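**Student:** Okay, here's the structure, questions in a sec.
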Amino acid sequence: MATAPYIVVGGGQAGLQVCDSLRKFGYEGELLLIGEEPVLPYQRPPLSKHYLGGDLDAARLSFRPASHYEKLGIALRLGVRVTAIDRERREVVCSDGSRLAYARLALTTGTRVRELACPGADHPAVCYVRTLADSDHLRAALAEAHRLVVVGGGFIGLEVAAVARKQGKEVVVIEALDRLMARAVSPQVSDFYAALHRRHGVDVRLSTGVSAIEPAASGVQVLTGRDEAFAADVVVAGIGVVANDEIAAAAGLACRNGIVVDACARTSDPLIVAAGDCTMHMNGFLGRELRLESVQNAVDQARVAAGTMCEQPEPYVQVPWFWSDQYDVKLQMAGIGMPCEQSVLRGDPAAGAFSYFYFRDGRLCGADSVNRPADHMACRRLLAQGTMMTPAQVGDEGVDLMQIARG
Amino acid sequence: MPKITFIDVNGNSRECEVPSGISVMEGAIQNGIEGILAICGGSCACSTCHSYIDEAWMAVVGKPDEIEDSTLELALDRRPNSRLTCQIEVTDALDGLVVHVAQNDG
Ligand SMILES: Cc1cc2nc3c(=O)[nH]c(=O)nc-3n(C[C@H](O)[C@H](O)[C@H](O)COP(=O)(O)OP(=O)(O)OC[C@H]3O[C@@H](n4cnc5c(N)ncnc54)[C@H](O)[C@@H]3O)c2cc1C
Ligand code: FES
């Protein structure tokens, strides 16, 4: 009997990277990538940035052209969903009724949007941004709209708000917590971004929950817990994501707000690895379990997963990084800054270019940089090398951080 | 359409037609050039599209801006003619450009 193929479930950035890295690690057997979305793996970050703004066509979102998959011998089954994993028979069950045997399996199923749960949330004016189809839908809806309400002041909601303001729409951002991007950045950076959006004409409402969405003569009314009502033609909800871990959980793999994997991306079944947004993983950099939603995590963890599939396990220790583009301001994040015990400013927020460096347990653990790319890159290198830095050093512009990072 | 010659780390050379308006990185990806990974998709965040611009072309292509200059700090073997190809837009003026792909890990 011929050996069964390696199968990768989920055609996103992590899925593609697992396939590419398997070939790099020398796996020469059959390889199959199964993805529910009917298109070649594509980049999501532009969906709330340039692509939504209309300055990019869809063809430019694909990571690789079709010829890449042919060249590497990656068989594609797109538009097909894996509905179950039969671990006993080592088969995946697909939405088209087929059962496919695997020798090893990688789960890169990503996340899906958390849906608004308030009354009226199923109104067609309510949009989300996760897939290309979502972004196309929102792009078309915005073209007809004058008033946008964004529910959730996280990265995606704020990027959409910035795009819509550039298009001249009236924009309200409603955030339940008392500051923007609260999960990821420090209060100082949140405040900078609230001021930035207000300066661009966004009505930013903090500590405000949405209680209901009601149909109106034109569009909808978004009602808040503070008894306000905001009229909108389009509502975008960016209130977080849910890991696609159901097929893993149903197959008896450990799941906890994501598929639980160890530092080498192994699930509780030695033949199955998982990588990307869908994993609750042991993060070597942080030294504890975490679920991350980023390009960096998708790529670096996928490489680790591929290594494990090829019996070349290496722990996942790479430094996390992330970026967000809002207006002409670039936010770059290195490490995991939150929660921190001390934050140290470098640069000048009033001039629109600064970084906050964060310290936890007396050690540099991350930095948020706003239009300060050199600080960001220096911090990534310092964190990767584990260089001991003091708050005084990072706060002193006379100290050349890149010089220290270069060693 | 401008023609760009990519020379990969193994010395393989290939001349490709690349439409104006996209980046040199995108041109490399479309043509399956080895070694251009571009994991951040051209957001100047990863440096995995790092290449060396043929000396004769440096004056035409120009120098990196501040953000690219910073991102280049992540590159393995940075040289005076290092550029991130995602930050170079293809124009008719680049017809004939020669790009040496750097060692990009992964
Ligand atoms: C609008 C937006 C903006 C972003 N901006 C940034 C940014 O600026 N910087 C950054 O670092 N990150 C950003 N991200 C996050 C980044 O895009 C994700 O972290 C990354 O795409 C995760 O890749 P993944 O492969 O793990 O998951 P996904 O991209 O979610 O891919 C998973 C794929 O698996 C498929 N799938 C799921 N279940 C099944 C099944 N049972 N069978 C078959 N297929 C299945 C899904 O349909 C999907 O196509 C952004 C994300 C979004 C949505
Ligand atoms: S593609 Fe990431 S820096 Fe060029």
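The values are calculated or read from the model by the stated rules, or taken from the named source; none is laboratory data. Model, not experiment: these values are computed from the prediction. So basically every Cβ, Gly included, is an ideal-geometry build from the backbone, and we count neighbours across all protein chains shown. Heads up: the accessible areas ignore ligands, DNA and RNA and are worked out on the full protein's heavy atoms, side chains in. Shrake-Rupley method; radii C 1.70, N 1.55, O 1.52, S 1.80 Å.
**Student:** Name the strands (runs of 3 or more DSSP E) wholly inside the stretch B:1-96 in which the number of residues that are among the basic types (Lys, Arg) is 1 or more.
**Tutor:** Ranges flagged: B:3-7, B:13-17, B:82-84.
**Student:** Still on this structure, please answer the following. Considering only residues that are within 16 Å of ligand 1 (Cβ to nearest atom), small (Gly, Ala, Ser) and touching a Ser or Thr at 6+ places or on another chain (Cβ under 6 Å), which ones fall in the stretch B:43-82?
**Tutor:** B:SER47 - this is the single residue of the stretch B:43-82 that is within 16 Å of ligand 1 (Cβ to nearest atom), small (Gly, Ala, Ser) and touching a Ser or Thr at 6+ places or on another chain (Cβ under 6 Å).
**Student:** Within the group A:LEU22, A:LEU56, A:LEU52, which residue is more than 14 Å from chain B (Cβ to nearest Cβ) and either aliphatic (A, V, I, L, M) or touching a Cys at 6+ places or on another chain (Cβ under 6 Å) (or both)?
**Tutor:** Only one candidate passes the filter, namely A:LEU52.
**Student:** Have a look at A:ARG81, A:ARG23 and point out the one that is of a type outside the set (Val, Ile, Thr), surrounded by 14 or more Cβ atoms within 10 Å (Cβ to Cβ) and more than 23 Å from the chain's Cα centre (by Cα).
**Tutor:** Criteria check complete, one pass: A:ARG23.
To keep it simple, each residue is scored yes or no on (1) free of Cβ contacts under 8 Å to residues at least 40 places away in the same chain; (2) away from ligand 2 (no atom under 16 Å from the Cβ); (3) in the same structural domain as A:MET280 (by TED's automatic domain parsing); (4) farther than 26 Å from A:LEU290 by Cβ.
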| residue | (1), (2), (3), (4) |
| --- | --- |
| A:PHE155 | no, yes, no, no |
| A:VAL173 | yes, yes, no, yes |
| A:ASP178 | yes, yes, no, no |
| A:HIS200 | no, yes, no, yes |
| A:VAL204 | no, yes, no, yes |
| A:VAL222 | no, yes, no, yes |
| A:ASP233 | no, yes, no, yes |
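**Student:** Scan (1) hydrophobic (A, V, I, L, M, F, W, C); (2) open to solvent by 20 Å² or more (accessible area, probe 1.4 Å); (3) modelled with pLDDT of 95 or more; (4) under 24 Å from A:GLY154 (Cα atoms) for the single condition A:ALA250 breaks and write down its number.
**Tutor:** Unmet condition: (4).
**Student:** For the stretch B:1-15, what are the residues that are crowded, with 18+ Cβ neighbours inside 10 Å and over 12 Å from the mean Cα position of the chain (by Cα)?
**Tutor:** Across the stretch B:1-15, the qualifying residue is only B:PRO2.
**Student:** Restricting attention to the stretch A:103-110, does a residue exist that is in contact (Cβ under 8 Å) with a residue 12 or more places away in the chain and on the phi > 0 side of the Ramachandran plot?
**Tutor:** Checked the stretch A:103-110: at least one residue is in contact (Cβ under 8 Å) with a residue 12 or more places away in the chain and on the phi > 0 side of the Ramachandran plot.
**Student:** Restricting attention to the stretch B:46-81, report how many residues are away from chain A (no Cβ under 14 Å) and either touching a Cys at 6+ places or on another chain (Cβ under 9 Å) or not aromatic (Phe, Trp, Tyr) (or both).
**Tutor:** Qualifying residue count, the stretch B:46-81: 14.
**Student:** Moving to a separate point now. Could you please give the count of residues in the stretch B:17-36 that are more than 9 Å from chain A (Cβ to nearest Cβ) and within 13 Å of the chain's Cα centre (by Cα)?
**Tutor:** Looking only at that region, the number is 10.
**Student:** Looking only at residues that are among the basic types (Lys, Arg) and over 23 Å from A:SER211 (Cβ atoms) in the stretch A:132-178, which one is most open to solvent (accessible area, probe 1.4 Å)?
**Tutor:** A:LYS166
**Student:** List the number of the failed condition for A:CYS379; all other conditions in (1) closer than 23 Å to A:ALA162 by Cα; (2) in a helix (DSSP H, G or I); (3) touching a Leu at 6+ places or on another chain (Cβ under 8 Å) hold.
**Tutor:** Tallying (1) closer than 23 Å to A:ALA162 by Cα; (2) in a helix (DSSP H, G or I); (3) touching a Leu at 6+ places or on another chain (Cβ under 8 Å), A:CYS379 fails exactly one: (1).
**Student:** How many residues are touching a strand residue (DSSP E or B) at 6+ places or on another chain (Cβ under 9 Å) and either open to solvent by 50 Å² or more (accessible area, probe 1.4 Å) or within 18 Å of A:TYR6 (Cβ to Cβ) (or both) when one looks only at the stretch A:61-78?
**Tutor:** 10
**Student:** Considering only the stretch B:83-101, state which residues are away from ligand 1 (no atom under 16 Å from the Cβ) and either at pLDDT below 95 or within 14 Å of chain A (Cβ to nearest Cβ) (or both).
**Tutor:** B:LEU84, B:GLN87, B:GLU89, B:VAL90
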